[in-house]
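J.: Pasting a structure here, questions to come.
Read-outs: derived from the displayed coordinates by stated rules, not from any lab. Source: prediction; values computed, not measured. Using ideal geometry, Cβ is built from the backbone for each residue, glycine included, and neighbour counts are taken over all protein chains shown.
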Amino acid sequence: MKPWIKTLFLMITGSVFALSVHASVTPKEMLKRHLSELHYFSASFSQVVSDGNDELVHEAKGVLYLARPDKLRWETRFPDESLLIADGDSVWNIDPFVEQVTILDQEAAIKDNPFMLLISTDDTVWEKFTVSADNQHPERYTVTPNSVEGQVRALVFSFTEGTLQSLSVRDAQDQTSLLSFSDINTKTPPQQSLFQARVSDTYVVDDQR
């Protein structure tokens, strides 16, 4: 699987609601409360990937659909068409151009990365990460894994009036991927068929589960 495709899978996106909490509540508890309200999320996205020298590496545009607890459809439409589906059990990386699909075990694919927090209420999972808040931007949260073995080094959620507007990811290669969202919908449940992978018999299948 291409590295940037792996990064795309990790970019499962967050919740959208305003919350007033007591000052004693920790950033992790605040973020958990935000994410506990996440049921559906769909949006158009623009992605810009840059390296450690701020040189442009990749750009992409497309749409995504998310249904809690563990379903995702990530559809890239520019510059090339590709499709990534997480159906709750497996991750399907579909490349129409070369007619190939790579299938991964979903639990293994997202183990020990901060995106797991978007779909998990398990306290043992949350214990693997540290969450900090930005004093100058109270609706911005930085999530870092306690282990350095994964690909994601830091994940930053930026909200505006309770609505997730952007997501920034820094990986082990010091690349930063900035995702900006538009046409956000958190009220309408996505059709379940969007999370069902269907590929032609002509596709080459690389099943790594």
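J.: At R0 = 22 Å, how high is the FRET efficiency between D134 and I184 if r is their beta carbon distance? Nearest 0.05 is fine.
T.: Numbers: r = 21 Å, r/R0 = 0.97.
Efficiency, from the Cβ-Cβ distance: 0.55.
J.: Rank the residues H58, H39 as a footprinting-exposure proxy: fewest other Cβ atoms within 10 Å of their Cβ go first. Can you show the working numbers first?
T.: Details: H58 16, H39 13.
Neighbour counts put them in this order, fewest first: H39, H58.
J.: Can you pull a Stokes-Einstein diffusion coefficient for the stretch 120-199 at 37 °C (0.692 mPa s), Rh from Kirkwood over Cα pairs, as a whole number of µm²/s?
T.: Numbers: Rh = 15.0 Å.
D = 219 µm²/s.
J.: Same structure, new question: Could you give the length gained by full extension between D54 and R33, i.e. 0.36 nm per residue of separation minus their alpha carbon distance, to one decimal place?
T.: Details: separation 21, 0.36 × 21 = 7.56 nm, distance 3.37 nm.
Separation in residues times 0.36 nm, less the Cα-Cα distance, equals 4.2 nm.
J.: What full-extension length gain, to one decimal in nm, is calculated for D206 and V98 as 0.36 nm per residue of separation minus the Cα-Cα distance?
T.: Numbers: separation 108, 0.36 × 108 = 38.88 nm, distance 1.27 nm.
Full extension from D206 to V98 adds 37.6 nm.
J.: Would you kindly derive the ³J(HN,Hα) couplings of the stretch 157-167 from the backbone phi angles with the Karplus curve 6.51 cos²θ - 1.76 cosθ + 1.60 (θ = phi - 60°), listing them in order in whole Hz, with x for Gly and Pro?
T.: Karplus-based 3J(HN,Hα) across the stretch 157-167 equals 9, 10, 9, 10, 6, x, 9, 5, 9, 8, 9 Hz.
J.: Note down the nm distance, to one decimal, between modelled labels 7 Å out along Cα→Cβ at Q196 and at S147.
T.: Inter-label distance under the simple model: 3.5 nm.
J.: Pull up all non-local amide H partners of A197: gap of 5 or more, or a different chain, and H-to-H distance under 5 Å with H placed in the peptide plane.
T.: Result for A197 returns nothing.
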